[in-house]
Every structure is written in structure tokens, then in C-alpha cells.
Amino acid sequence: MKNKLNSKRKVFIRTFGCQMNARDSEFVIGVLSERGFKKVDSAEKADVVLFNSCSVRKHAEDRLFSNIADLKKLKAGKPGLLVGLMGCTAQSYKDKALERAPVLDFVCGPGNEADLPEIIANVLKDRCPVVATDKTNEKRPELFPEYRQSAFKTFVSIGEGCNNFCSYCIVPYVRGRERSRDAKDIVREIRGLAGRGFREITLLGQNVNSYKGANGKGQGASFVKLLEGINSIDGIERVRFMTSHPKDASTDLFKAMRDLEKVCEHLHLPVQSGSDRILKLMNRGYTSKKYIRLVQKYKEILPKGALTTDIIVGFPGESDRDFNSTLKLIKDTGFDSAFSFKYSPRPPARSAKLKDNVPADVKQKRLEAVIDMQCDISQRCNAALKGKTLEILVDGCGSKDPRLLTGRTRTNKITVFNGSRGLIGKFVNVIVESVTPYALKGRMV
Ligand code: 5AD
Ligand code: SF4
């Protein structure tokens, strides 16, 4: 029997990290809403504050713990307030999170998130901290609480976990081994979303290209087959996906992106480094040459497709020569944009055993060099769109000037233009008049 909770407890959730975490937060709000909780927009208004954490990089984790510690004062003035940690950091710290952040009342790993109502009830009943990090979430994706942050675009998880064990990465340790959802369940979820008015779906997985869900006939369905199934769902107009791994992405995928009209022309293909020596140490499973060949194929098949990437600078032992190979790869490839990060050791990920020997100031300089170079390239890529008319899904209005609307192109470029708020959630055509490295600006036509 489920524990009964006092109805209308108010919950506030702070989300750190990737889209996977954003989707988990929606799931948790959905689960709690079904059990009488109400979502509020600040910690001050809440009875329960949840931190949905990311532990991929140390910087994010440090920021998280400093944010949790900031609640000490609020809690002192509001003794009934419960503070909980969920997500990847909860899984990696387990009970140690209570030591690092004594303000916490409970710690809940990604696999235990469906049990949050019970966990909260137990903390209230027993008045002592609860640590729940013992489950994988096999069944969780098939529970569909209704809550979604947006009414017209949303995320759908196609699987969880990762088997790649890139040497710097903590994900396989906190999210477990790769599990693909059944294709029929994914299609059913998206049909339901289309029926509720959703127009854009982003499929989420740590490595979407290694997706192997059952196709309803007891056989594994490939990612391309899954895209074909989703492409035929009425009402859905755009399908995005992330993240692709260069060792598994193939020309079949690029052809599907070209031929399936709903699948958007944007590929996020993290390269991480341009040095073969470092790629090997990272256990990425490809060389820079193989990556460049893959990109050439992508550009041949989708000449107007956008390409984005992730870069890590300052991996253990990264020499000036290694770093220059990364700069060269960035220059030669011409990414539309890149997320760049300074390396941080994430035990138990394997590279944490290597000496983190690139000095902090060198990491900083390398990061700035990547950002500067990418800024020029992004400006040039965007400038090539001047005068073009592009389809935009309007997703919000400017925070400073409400007459300004923002939206995204199919290639995922942020676009800003004048228009009325009534257009949010609609598709419009915009002619690009000026650009920055980060956005296009234009007017509706
Ligand atoms: N240090 C720095 N960046 C990292 N990433 C993952 N692990 C680390 C780490 N230990 C970056 C990678 C990945 C992105 C999500 O985060 O670039 O693609
Ligand atoms: Fe981490 Fe590599 Fe898996 Fe991505 S593919 S989640 S970087 S282990």
C-alpha cells in the first residue's frame, strides 16, 4: 500500500545538467503531482526542495553543493522544510552526500525516482534521513505522468545508461549499462504527445546510434528504423535526437536525416579531441581521420545540415602539440557551434587515475583559444544564412523586450525577431537579416 501524504505539499525543483536531467525533473514533478504535490517556482514557497544534480563535470558538482548549502539559512527559519538530492550526484555520492551537505534530508538515485512520494513520506514519518540509490529504472520510462514543461516541444528518452566507458566519463557508473526502450513503447508515448498538441520531439539517449529496441516481433530495431516509425506519426512535425557517438554514427543515419521529412538537419557529434593519442587515452574508439571522414559523408549527404560538437581541453598529458591538433580539427571541420570544457577528474572514471597534470592556467588558455576560434567560425556559418528564409518554431519571447520572439530553425539555431506572443508554439517563416555567433536575427515574412 502506498503511504498517504498530506495533500498539496509544495515542491520546488532545481535542475542542473543535460536534457536527460531536464526530462527526469519533468518525470518527478509528474509523479509527485499525481500524489497531490503542487509545483512552485521558488525554494521560499516550498515544503520540499529537490536538487536534480549533474556530476559529469566537477565545476557543476561544486556549484550544486554550494547551492544546497545556501538553503541552510532558509531551513533554519522553516524547520519543516525538506531538502533532497536526486540525479547523478545522488547516485555517485550515496550516503556521503549527507556528510558533504548536512542540510539534506534524503538522497535519491535516478533509478529510485519513481519512489519519491514514499521516500518523502518515510522522511516525514521517521524524522531521519533516507538514502535510496539501489535501483535501476527498468520500468520507469513506461510510467507516463502527464507533466511536461512545454506544451508543444518535449523530450522523449529512448534509452538509459552507456556502455562506452570513455575514460573521463562518470555516466556509465551513475546511469548504469545501456538499456534501450522498446520501439513500440516509444512510438506509443510520442503518439500520445502528438494527440496532446506536441509538435517537436527530441529523442534522448547517451548514444542514440547504438539503440537496439525490440520492434514488437522480438527483434532489435535499429535507430534508423525507430526514426522511420516516428516520422509517420501524424501531428509531429520535427524530430531531433542526441547524442550521437562518432564510432556508431553511419551514412544510413545521414540518409535517414535527408529522406525522413520530419527529422531535423542537425547532428551533435562530440569529437572531444583532435589528437589521436588523446582520443586513444579517452577510449573513444575512433581517430581524427575517421571522424573527419564521417563529417565529410555527413556534409555530402546533407550539405545544409548543421554540425555541433563537444570538446575537452586539458585531458591528462595533453601537450601543446595535441592541443594544436584539436584546434586544427576545429578549423578544418567548421562546426556550427561547440561546447567546450576544461577536463576534470571524475572518479571512478578511469582517467581519474592519471595525473591531472595540465596546469589550471594552461587549461584556461586552451579553453579560451577554442572559444575564440569557434566564435569566428560560428559567425561565418551564421553569416552564410543572411537573406535566407527559414522555418522557425516559436518557443518564447525576449525576457527584456516582450515584443521580441525567439525560436529555433530546423538546424537548431536560435532566431530572434519581432512578433506577437500569440505565435508561441507556432511555425513561422523568418528572413535572416543579421547574425551573431550565437543567434540569427530577422523578420517574419
Ligand atoms: N571533464 C570535462 N568534460 C567532461 N565531459 C564529460 N566528462 C568530462 C570530464 N570529466 C564533457 C564531454 C561530454 C560532455 C557532456 O561533457 O565533452 O561530451
Ligand atoms: Fe560518457 Fe562516452 Fe557514454 Fe558519452 S559515450 S555518456 S562520454 S561514456
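The values are calculated or read from the model by the stated rules, or taken from the named source; none is laboratory data. Keep in mind that what you see is a predicted model, and the values were worked out from it rather than measured. Here the Cβ is made from the backbone with ideal geometry for all residues, glycine too, and neighbour counts use every protein chain on show. Accessible surface areas use protein heavy atoms only, side chains included; no ligands, DNA or RNA. Shrake-Rupley method; radii C 1.70, N 1.55, O 1.52, S 1.80 Å.
Below is a table of values for the structure above.
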read-out	value
Beta bridges per DSSP with both ends in the chain, % antiparallel, nearest 5	35
Hydrodynamic radius (Kirkwood) for the chain, which is based on Cα pairs only, to one decimal in Å	23.3
Interatomic Cα distance distribution for the range 150-264, bins of 5 angstrom, percent	2, 12, 22, 24, 20, 12, 6, 1, 0
Probe 1.4 Å - accessible area at Lys441, Å² to nearest ten	90
Trypsin sites (Lys or Arg not before Pro) restricted to the range 210-253 and DSSP loop, no more than 10 other C-beta within 10 Å	Lys217
Anchor Lys73: aspartates and glutamates whose Cα lies under 13 Å away (excluding residues fewer than 8 positions away in-chain)	Glu44
Contact order relative to length of the range 267-384, as percent, for alpha carbon pairs under 8 angstrom and 6 or more apart	29
The range 10-132 - percent relative contact order, Cα under 8 Å, separation 6 or more	24
Values of log10 I(q)/I(0), in the order q = 0.17, 0.18, 0.22 Å⁻¹, for the range 389-444 under a Debye, Cα-only, solvent-free model	-0.42, -0.47, -0.71
Average Cα contact separation per residue, the chain, under 8 Å, 6 or more apart, as relative contact order %	9
Exposed-loop-free span, longest in the chain, where GluC sites (Glu not before Pro) count as exposed if DSSP calls them loop and at most 14 other C-beta atoms lie within 10 Å	262-445
Å³ per residue enclosed by the Cα convex hull of the range 234-374	119
Heavy-atom accessible surface of the range 389-444: percent carbon and sulfur, 1.4 Å	53
Fraction of accessible area attributable to carbon and sulfur, the range 267-384 (%, probe 1.4 Å)	55
Per residue, in Å², the accessible surface of the chain once ligands and nucleic acids are set aside, probe 1.4 Å	46
Interatomic Cα distance distribution for the range 19-169, bins of 10 angstrom, percent	10, 41, 37, 11, 1
Unmatched cysteines, the chain - criterion: no other Cβ of a Cys under 4.7 angstrom	Cys18, Cys54, Cys88, Cys108, Cys128, Cys162, Cys264, Cys375, Cys381, Cys397
Distance-filtered residues of the range 175-213 - backbone nitrogen under 13 Å, label point 7 angstrom along Lys247 Cα→Cβ	207, 210
Where Cys375, Cys88 fall by accessible area, highest first, once all protein chains stay in place (1.4 Å)	Cys375, Cys88
Cross-link pairs beyond the 27 Å C-alpha cut-off, checked among Lys153/Lys388; Lys290/Lys342; Lys365/Lys400; Lys255/Lys289; Lys153/Lys304	Lys365/Lys400
